[in-house]
Amino acid sequence: MDKESGVQRIKICKNAPAVSHLLYANDLLITCRANKENAKAIVKCLKTYCNWLVGWQSHLLSRAGKATLIRTVAQAIPIYTMSTFMVPKGVPRQMDSIIKRFWWSIKPRAKRILALKSWSSICKPKSVGGLGFKRFEDINTALIAKLG
C-alpha cells in the first residue's frame, strides 16, 4: 500500500519493484488492483489534484483561458485510463463536478457557485451553441466502444 495515496502497489513480475504510478513527460499511469479501496484512494488523489486546479489562480483566467485549460489539460488527463476500462459511474460524475466548479467559480475555493447555464448545454458542440466540453462518462463510453 502506498502510504501517501493509499493505492495498493502492484508488481509486474516477481523481482520487480512494486509501483503505484508511472510518470513520463506529461503522462500519468496509475496502477492498482481493481477494488473499492483503491478506487476510493484514486478518487481522493484526483480530488486533491482538482482542488489544486480550482485554486490555481482560476480567478485570473479569462473564460477563453479556462475553456482552453479544461479542453487541453483537465479533459485530456484521464484519456488513457478511460480508453482501457470502464471506470465506476461515480468517478466521471465527480470529475465533471470538479470541472463545472472550475468553470463557474469566480473566487478560488468558493463554497457555492452560480451556474448560469446547464452543464448539458455547455457540453454541446460549438456548432450548436455549446462550448465543446465533453462529459467524462461520454468520453469513457466512446473510448471503450473503440475497443470493440
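The values are calculated or read from the model by the stated rules, or taken from the named source; none is laboratory data. Here the structure is a predicted model, which is why all the values come from computation and not from measurement. Every residue, glycine among them, receives a Cβ derived from its backbone with ideal geometry; neighbour counts consider all protein chains shown. What goes into the accessible areas is simple: the full protein's heavy atoms, side chains included, and nothing from ligands, DNA or RNA. Shrake-Rupley method; radii C 1.70, N 1.55, O 1.52, S 1.80 Å.
In this structure, is residue 70 surrounded by 14 or more Cβ atoms within 10 Å (Cβ to Cβ) and either at pLDDT 75 or above or of a type in the set (Phe, Trp, Tyr) (or both)?
Values: surrounded by 14 or more Cβ atoms within 10 Å (Cβ to Cβ): yes; either at pLDDT 75 or above or of a type in the set (Phe, Trp, Tyr) (or both): yes.
For residue 70, the condition - surrounded by 14 or more Cβ atoms within 10 Å (Cβ to Cβ) and either at pLDDT 75 or above or of a type in the set (Phe, Trp, Tyr) (or both) - is met.
Within region 92-148, which residues are among the charged types (D, E, K, R), open to solvent by less than 100 Å² (accessible area, probe 1.4 Å) and either modelled with pLDDT under 90 or assigned to a helix (DSSP H, G or I) (or both)? Of everything in region 92-148, those that are among the charged types (D, E, K, R), open to solvent by less than 100 Å² (accessible area, probe 1.4 Å) and either modelled with pLDDT under 90 or assigned to a helix (DSSP H, G or I) (or both) turn out to be 96, 100, 101, 137, 138.
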